[in-house]
Structures are given as C-alpha cells and as structure tokens.
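One structure is given here, and the rest of the page talks about it.
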Amino acid sequence: MDDKETLRVGTAVRRRRKSLALTLATVAARSGLSVPFLSQIENERARPSPRSLERVAKALETSAAELIAAADSGRTVDVVRAGQYDGAPVEAVRCVVRGRHQLRATEYTGEQDTGREFQHHGDELMYIADGAAEVEAEGRAYRLERGDTLFLSGGVRHRWRATEEGTRILVVAAAGTVGHDDDTDAGPGLHGGDAGHDG
C-alpha cells in the first residue's frame, strides 16, 4: 500500500459509510478513532496508517483492500477540450473542471466587468492566459497582463474586470469559492457559492 493509495481512500470510506447509513460518530465508536480524524480521512486531509485503515474497514464491515480498490476505481482523469462549455451558463464563462471536486477552475473570456465586490472564504488564484485585467483588492489596484498571476487569500475583498477584447482569465480556488454549479443566475465574474458576499 503506497502513500497515494492511503491518501485517496477517503472518498471510498465516505461512500461506504453512507451506503451503510452510518454516522461518523458510529464509525468512531466502532473503530476507536476520533470523529475529527475520520472526517479528515474522508476529506483526504489526513493519511491513515495501515493499522488505522484496518480499523476503519472493520467498522465499515469491509476490508482495507476493498477500500483501496474502491478508491482506485474512483480516481478521475478528465480532459475538457477548448470550446467545451458543459455546465456553464454562457459561453464567456467556462468551468474547466467538471463534476464536484475539491478544486474548482473557471475560465472567463472577453471584456468582462463584474461591477461588484467579492469576498470569499477560501484562497483564490487568478491567471491571465491572454489579454489584460484590472483587479482592485483591499483598496489597491493591480494591472495584470498575459502570463501574470494574482493570489488572493481567503477574506480579501476584491473586484476585477477584463480590459482587452479576447482576454482569457483562469480563476482557480477550493470548491465553493469558484464555479457555477451552485449559481442559478451566474453571470460574468460570479464566483460560485460565495459570489456577492460583501460581508
């Protein structure tokens, strides 16, 4: 069992637990592990030792080998081709990571001006693939050009706009910070579940 297998087993653990309709507290009681640790395993933020994985597997009425096999089958490799706009409300806004994952990435194309201030809980990275953009963050203005990257830590107030025709901006953040699956009225520049959070 290698480190990557133990790290990725969290999804399989969560899937198995839910299939048995068990709470984290129940699994914790059965395995002798804490609820916070089990939660971290399921979210792939903690790496269980082989012994801990065996205890979790027993609590879930399965084996460590079965959990590893299930984790392996759940790994995802997905290619989103240029011009594919699956899940995006308008062609100027394109989700480039499909499905629900811990990472979200959205591409914005054209001269967009949100006209709004945003404040997200998670960190955010903006990369200018083409063109240029202006970003105002915490009262300070930044001009970004092709190849530039801007990092915003969680909680930073900001607004941005593309300033050239044909501008392409890639925004990457943790799920719930950037994206459109949860936005029924998502327009240019809206950043997922936290969009428009001004407080």
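Under a point-charge model restricted to the Cβ atoms of Lys and Arg (+1) and Asp and Glu (-1), what is the dipole moment magnitude of the range 3-73 relative to its Cα centre, in debye to the nearest 20? The partial results should precede the final answer.
Numbers: 13 positive and 8 negative charges, 38 e Å.
Rounded to the nearest 20 debye, it is 180 debye.
Let me see the pair-distance distribution of the range 3-73: every alpha carbon pair, 5 Å bin width, integer percents in order.
Calculated over all Cα pairs of the range 3-73, the distribution is 3, 20, 35, 29, 10, 1 percent.
7 Å from Cα along Cα→Cβ at both residue 148 and residue 165: what's the point-to-point distance in nm?
Those two pseudo-labels are separated by 2.2 nm.
Among residues other than residue 41 whose Cβ falls under 9 Å from its Cβ, what is the net charge (Lys/Arg +1, Asp/Glu -1)?
Numbers: positive: 14, 45, 47; negative: 42, 44.
My count for the surroundings of residue 41 gives +1.
When only C-alpha pairs under 8 Å and at least 6 residues apart count, what is the relative contact order of the range 3-73, in percent?
Computed over the range 3-73, the figure is 47 percent.
I need the phi-derived Karplus couplings for the range 129-141: 6.51 cos²θ - 1.76 cosθ + 1.60, θ = phi - 60°, integer Hz, Gly and Pro marked x.
Listing the rounded values in order: 7, 8, x, 7, 8, 10, 10, 10, 10, 6, x, 10, 9 Hz.
So how far, in whole Å, is the C-alpha centre of the range 28-71 from the one of the range 109-128?
38
Rounded to whole Hz and in sequence order, give me ³J(HN,Hα) for the range 40-56 from the Karplus expression 6.51 cos²θ - 1.76 cosθ + 1.60, θ = phi - 60°, writing x for Gly and Pro.
5, 4, 4, 8, 6, 10, 9, 10, x, 6, x, 5, 5, 5, 4, 5, 5
Here, each number is a calculation from the coordinates, and none is a lab measurement. Quick caveat, the model's predicted, so the values are computed rather than measured. Positions of Cβ are generated from backbone atoms using ideal geometry, with glycine treated the same way; all protein chains shown enter the neighbour counts.
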